[in-house]
Every structure is written in structure tokens, then in C-alpha cells.
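One structure is given below, encoded as C-alpha cells.
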Amino acid sequence: MEILLIIVSAIFVNNIVLAQFLGICPYLGVSSKLSTATGMSAAVAFVITLATLVTYLLNQYLLVPNQLEFLQTIAFILVIAALVQMVEIVLKKISPSLYQALGIFLPLITTNCAVLGVAITVVTKEFTFGDASKMLNLGEALIYAFATALGYGLAMVLFAGLREHLALNDVPKAFKGIPIALITVGILALAFMGFAGIA
């Protein structure tokens, strides 16, 4: 039951973009087409899950035992940047076609604050289940990270579909482009607020 609560909470209730407002720059910048939004969502899901695994282990087995928790943010930033570079190198060697498909998205992920936000949330926040609060173990942390990435992808794909639809409609001149996009994001965030209190 706790796993289901983690998944529902990460995707709908505490959506990383629409409730926590992390990862807004790529969310607005890459969501003009459904194809690019889908590619970015897949790349973010992979990197968030992998970064959470590495940063969780780094925190539990290096930073906490040596009382170096104050270095979490800088260590996590370095780990995420290194991971993205390693993933880029490995993809270039192993699967050039996948590298070509995700090539533009991988550098964008390095500066996506959603990746860092999930890594820090997993190691610092106590999650409430029923009446008890506890830290996540590694398995729960990975499930939370992947579910958060799915929530990011859901928000990105919904927004990209809405933007493609808006491009075909007659929008007043003052609202064309970013203004109508921001209004749409606000309405989408309000829709996701309807899930508050579920998990």
C-alpha cells in the first residue's frame, strides 16, 4: 500500500512541475511539439532514476557516515553532471541511433533542476504514511524517483498536446506565444490541485 501511495503522490498530488514548480525551463522550452516532449520525458525519466540511485548511495555510504551532509547539494550537482556525460558517451558508443534521438535532450537535463530536486528530496524529506513518518529506503527511493519522472512526463506530454492544439486556434494577438502557454500551465496546475488530499 505504501508503494501505491508513493506512486500516486509523486505523479499526481505532488507533481514535480505543476505542484513543486521544478524543471519549468525545459518544461516551457521543449514542450512546443509532442515528439520533443516525449523524447525529453524519456530522457528525464532515465536520468532522474539513475541519479537518485547514485546520489542515495553516495549520501548513505559517504556523506552521512563522515558527517559531510553539508556537501549534499554540490556533490549531487557534480554527480548529476558526470552521470549525464557518462550516459552521453555510452549511448554514443553503444546505440548511435538512440544517441541521435536523445542527443539534444541530454545536455538540457544537466541543468534541469527537477533532477537535483528529486535527489535532494529523497535524502532529506520524511514521507508521511498514515500516522507515521519515515525516510525512504533505496527501493522506495527508486520507485519515488521513477514515479516523479512519470509525473514530469505526464505534465510535459499534456502541455505539449495543449500547445499544439492552441497553435491551430485563433488566439488573441496579446496572448499568442508564451502568455497563453503560461495561462495554460496555470489551468493545468489547478486541475492537478484537484488530486490534493488523495495520498
Self-check item: Top of 51, 75, 167 by mean-square fluctuation, Gaussian network on the chain, Cα under 10 Å
Solution: 167
Exercise. Determine which lysines satisfy two conditions relative to residue 125: a Cα distance under 23 Å, and not lying fewer than 8 residues away in the same chain.
Key: 134
Quiz item: Charges only on Cβ, +1 for Lys and Arg, -1 for Asp and Glu: so what's the dipole of segment 1-146 about the Cα centre, in debye to the nearest 20?
Solution: 460 debye
Quiz item: So what is the accessible area of segment 1-145 per residue, in Å², with the probe set to 1.4 Å?
Solution: 50 Å²
Quiz item: Hull surface divided by four, with the convex hull built on the Cα atoms of segment 20-69: how many nm²?
Solution: 4.4 nm²
Quiz item: Using a Gaussian network model of the chain with C-alpha springs under 10 Å, which one of 155, 82, 43 is most mobile by mean-square fluctuation?
Solution: 82
Self-check item: CD proxy at 222 nm, helix term only [per DSSP H run n ≥ 4: -39500 (n - 2.57); per residue of the chain; nearest 500]
Solution: -21500 deg cm²/dmol
Quiz item: So how tilted is helix 113-124 from the main axis of the chain? Cα-based, degrees 0 to 90, rounded to 10.
Solution: 30 degrees
Practice problem: Before anything else, pin down the relative contact order of the chain: Cα pairs under 8 Å, at least 6 apart, normalised by residue count, whole percent. | Solution: 43 percent
Exercise. Note the angle between two axes, namely the Cα long axis of helix 138-167 and the longest principal axis of the Cα atoms of the chain, as a number of degrees from 0 to 90, rounded to the nearest 10.
Key: 10 degrees
Self-check item: Largest-first ellipsoid semi-axes for the chain, taking √(5λ) over the Cα gyration tensor eigenvalues, angstrom
Solution: 30, 23, 14
Self-check item: Inter-label distance, nm, simple model (7 Å from Cα along the C-beta direction), residue 169/residue 5
Solution: 3.8 nm
Self-check item: 0 to 90° range, to nearest 10: angle between helix 72-94 axis and the chain longest Cα axis
Solution: 70 degrees
Quiz item: Based on the Cβ-Cβ distance of residue 125 and residue 89, what FRET efficiency does E = 1/(1 + (r/R0)^6) give at R0 = 30 Å, to the nearest 0.05?
Solution: 0.40
Quiz item: For segment 51-199, which whole-number percentage of the solvent-accessible area (1.4 Å probe, protein heavy atoms only) is attributable to carbon and sulfur atoms?
Solution: 69 percent
Quiz item: Is segment 1-88 best put as rounded, prolate or oblate by its Cα gyration tensor, with a ≥ b ≥ c the root eigenvalues, rounded for a/c under 1.5, and otherwise prolate when a/b is larger than b/c, oblate when not?
Solution: oblate
Quiz item: When we measure straight from the Cα of residue 176, which aspartates and glutamates land under 14 angstrom away, once same-chain ones fewer than 8 places off are left out?
Solution: 164
Exercise. Run through every distinct alpha carbon pair of segment 110-163 and return the Kirkwood hydrodynamic radius in angstroms, one decimal place.
Key: 12.6 Å
Quiz prompt | GluC sites (Glu not before Pro) within segment 1-109: DSSP coil, no more than 13 neighbouring Cβ in 10 Å | solution = none
Quiz item: Can you pull the accessible area of residue 7 for me, 1.4 Å probe, Å² to the nearest 10?
Solution: 60 Å²
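The values are calculated or read from the model by the stated rules, or taken from the named source; none is laboratory data. Quantities reported herein were computed from a predicted structural model and do not represent experimental measurements. Here Cβ is always computed from backbone atoms with ideal geometry, including for glycine, and neighbour counts include all displayed protein chains. Surface accessibility is based on the protein's heavy atoms, side chains included, excluding ligands, DNA and RNA. Shrake-Rupley method; radii C 1.70, N 1.55, O 1.52, S 1.80 Å.
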